[in-house]
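Only the coordinates and a few stated rules stand behind these numbers; no lab work does. Quantities reported herein were computed from a predicted structural model and do not represent experimental measurements. Neighbour counts are summed over all protein chains in view; Cβ atoms, including those assigned to glycine, are modelled from backbone coordinates with ideal geometry.
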Amino acid sequence: MLDLETLVALVKPWARFYSKSSPTQVVVMFTHVAGMLGGGGLAIAADRAMWKARTASDDERHRLLADVESIHRPVIIGLALSAFSGVLLTAADLETFATSPVWWGKMIAFALLLANGAWLQSVERGARTTPVAMSAAWAKLTVSSRLSYTLWFAVALGGVLLTNS
């Protein structure tokens with residue numbers, strides 16, 4: 001297993017390049033924020049639609065699920081861009097981030113966001129099978145969408161705290 005000192009040495013060329021290249025810093029940070037803004041914005045809008053549909057008919061809920069399903073891909077692309085650029089940002093100052101409780105808190109929130117997204121998709125698939133499944137699943141979808149909403153903001157807060165600590 002690699003220790004922190006070895007990992008820091010491995011990423012040192014990147015850290016050195018990153019620290020001396022303002023254009024690289026702009027592109028990496030923009031990619032990180034844009035991925036969160038694009039993916040998170042779509043996810044938060046879908047989460048809100050789920051809450052509003054709690055009193056909707058099953059037909060309306062099926063239409064909503066089809067709409068929500070169509071945004072999974074752009075949300076995942078946004079998450080992937082943020083994750084990739086996040087690795088680059090972390091590697092630029094690994095020694096600081098690896099020992100930061102705020103960074104670890106953000107990573108935990110991000111992991112929970114991913115797990116919740118997988119659960120949300122699983123519940124959505126089950127909800128589409130039968131009208132009985134739709135009714136039973138809607139409470140879970142509401143809980144998952146509220147958790148998603150909270151976790152997107154927790155990840156954003158973690159990023160703000162990291163840049164200001």
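Please arrange 110, 84 by counting, for each residue, the other beta carbons lying within 10 Å of its beta carbon, fewest first.
The order, fewest Cβ neighbours first, is 84, 110.
Note the direction-averaged projected area, equal to a quarter of the hull surface, for the Cα convex hull of segment 22-163, in nm².
Taking the Cα atoms of segment 22-163, their convex hull projects to 8.3 nm² on average.
Which order results if 3, 67 are arranged by neighbouring Cβ count within 10 Å, fewest first?
3, 67
With 10 angstrom as the radius, rank 85, 148, 22 by how many other C-beta atoms surround their C-beta, starting from the fewest.
Least to most surrounded, the residues fall as 22, 85, 148.
Calculate how steeply helix 101-127 sits against the longest principal axis of the alpha-carbon atoms of the chain, using the helix alpha-carbon long axis, and give the answer as 0 to 90 degrees to the nearest 10.
So the helix axis and the longest Cα principal axis differ by about 30 degrees.
Using a simple charge model, +1 on the beta-carbon of Lys and Arg, -1 on the beta-carbon of Asp and Glu, nothing else, what dipole does segment 22-163 show about its Cα centre, in debye to the nearest 20?
Result for segment 22-163 is approximately 320 debye, rounded to the nearest 20.
Using 1/(1 + (r/R0)^6) with R0 = 30 angstrom and r between the beta carbons of residue 63 and residue 118, what's the FRET efficiency to the nearest 0.05?
With R0 = 30 Å, the Cβ-Cβ based efficiency is 0.80.
Among 107, 139, 70, which residue has its Cα furthest toward the positive end of the charge dipole of segment 63-150, with +1 on Lys/Arg Cβ and -1 on Asp/Glu Cβ?
139
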